[in-house]
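As structure tokens, the structure follows; a few thoughts come after it.
Coordinate-derived values only; no laboratory data. This is a predicted model, so every value here is computed, not measured. Positions of Cβ are backbone-derived with ideal geometry, glycine not excepted, and every protein chain shown enters the neighbour counts.
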Amino acid sequence: MRPLEGLLVLDFSIFLSGPSAALRLADLGARVIKVERPDGGDLCRQLYISELELDGESTLFHSINRNKESFAANLKDPIDLERAKELIKQADVIVQNFRPGVMTRLGLDYEAVRQINPRIVYGEITGYGNDGPWVYKPGQDLLLQSISGLVWLNGDADRPPTPFGLAVVDLFTGAHLVQGILACLVRRGVTGQGGLVQVSLLESILDFQFEVLTTHLNDGGKQPQRSTINNAHAYLAAPYGIYQTADGFLALAMGSIPVLGELLDCPPLLGYTDSATWFTQRDDIKAILVDHLKTHPTKHWLDILEPQDIWCADVLTWERLLQHEGFKVIDMIQEVARDENVKLDTLRCPIRIDGEILKSEKGAPRIGEDTGRIMSEFAISS
């Protein structure tokens, strides 16, 4: 039995942050019903991150909405709205990520919903919170990476601000919402009290940077200092970075520069005995490593460094990763299916419970495919 079995989650959210939170609750055993518009459904159905599609919809939608049911409802229609409220009466959790004011206008904000179901745990995601000058700015991932300053941590110092290559803001925010929902569910189990869980994309991506922002708040307000050469962390000294070798790349994490000099047979590194210089002169040190590491293949360096417990790694492509036994043994890939002809390989939930890997074969639903059955099951009048 999975931990959240028996709980009913209504997923009113769209795109990535909210649906990713509802997905994780489903992985942990909750029953998730996606409430979406009859005419087009979740806009993510047509949000393509490549040209790849499945059954007329984006693979992004399929991957982030697997293991859910779909209940079609036009919440601006009084009849459909009442049907949604009948579901709410019997639900445990609601997830929504509309701009501030949208659910209030529909009569489905937390204060209204708690009158329908006092035990509800209501999860809400906004872009920038509910107050201030940014309330109605678009809550889009790249925009949040930029506003939050995150992009000034990536790339080399002589390069422009560089974003992450994936929707890191949305996914971290979804994870934070799940944490809050689970905490409220624990409290409800003790006191019977539901609750409102609020997270914003801005607060989540700031929290993601807590380590380096804390440094900034206490070092006199210095700006991040990215390396000019092979930057991988604006606040860490050499050798931290990724280096080209004769046949690929080698990642080097924290370590003693003189020790590296001895192991790599690189005499110019032996003089950096003062650890303070590993930061103040890190570009000089990295330049030495850049030239030296190109002289041999990656495996040559790994065979030297790994037995000495130096923190290093090969830099794998996805093709090489998927073929590696280290990947295969964790069994991360699962196949999900909408029907016999609509199947997708994707990744499973990364959490294990009591040693059990959590997989589910149920693919993303078609718009409203479960509406009739759900209305009958929950005694909702048609």
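Some values worked out for this structure:
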quantity: Label-to-label distance, nm, for residues given as Trp134 and Ala287 (7 Å Cα→Cβ offset); calculated: 3.8
quantity: Solution diffusion estimate, µm²/s, Stokes-Einstein, the chain, Kirkwood Rh from C-alpha pairs, 10 °C, viscosity 1.306 mPa s; calculated: 67
quantity: FRET E, pair Arg119, Asp331, Förster distance 41 Å, beta-carbon r, rounded to 0.05; calculated: 0.65
quantity: Residues listed by number, segment 335-355, amide nitrogen under 16 Å from Leu316 label point at 7 Å toward C-beta; calculated: 347-348
quantity: Selection from Val190, Ala232, His292, by position along the positive dipole direction of the chain (Cβ); calculated: Val190
quantity: Neighbour-limited loop hits for trypsin sites (Lys or Arg not before Pro), segment 92-148 (at most 15 other Cβ within 10 Å; DSSP other than H, G, I, E, B); calculated: Arg119
quantity: Relative contact order of segment 223-330, pairs being alpha-carbon contacts under 8 Å that are 6 or more residues apart, as %; calculated: 28
quantity: Contact order relative to length of the chain, as percent, for alpha carbon pairs under 8 angstrom and 6 or more apart; calculated: 17
quantity: Antiparallel DSSP beta bridges within segment 260-382, as percent of all bridges there, nearest 5; calculated: 90
quantity: Amide N of segment 303-341 lying under 17 Å from the label point, which is placed 7 angstrom from the Cα of His296 along Cα→Cβ; calculated: 303-315
quantity: Computed lengthening from Gln323 to Thr346, 0.36 nm per intervening residue step minus Cα-Cα distance; calculated: 6.7 nm
quantity: Fully extended contour minus Cα-Cα distance, from Asp265 to Ala112, at 0.36 nm per residue; calculated: 48.1 nm
quantity: For segment 241-323, with +1 on Lys and Arg beta carbons and -1 on Asp and Glu, the positive-most of Ala251, Leu270, Gln308 along the dipole; calculated: Ala251
quantity: Segment 14-76: chymotrypsin sites (Phe, Trp or Tyr not before Pro) in DSSP loop, at most 15 other beta carbons within 10 Å; calculated: Tyr48
quantity: Mean ellipticity per residue at 222 nm, deg cm²/dmol - from DSSP H runs of n ≥ 4 across the chain, formula -39500 (n - 2.57); calculated: -10000 deg cm²/dmol
quantity: Cβ charges +1 (Lys, Arg) and -1 (Asp, Glu), total dipole of segment 241-323, debye; calculated: 160
quantity: Label-point separation in nm, Glu361 to Ser256, each point 7 Å along Cα→Cβ; calculated: 5.6
quantity: Spacing of the two label points (7 Å from each Cα toward its C-beta) at Asp207 and Lys89, in nm; calculated: 3.5
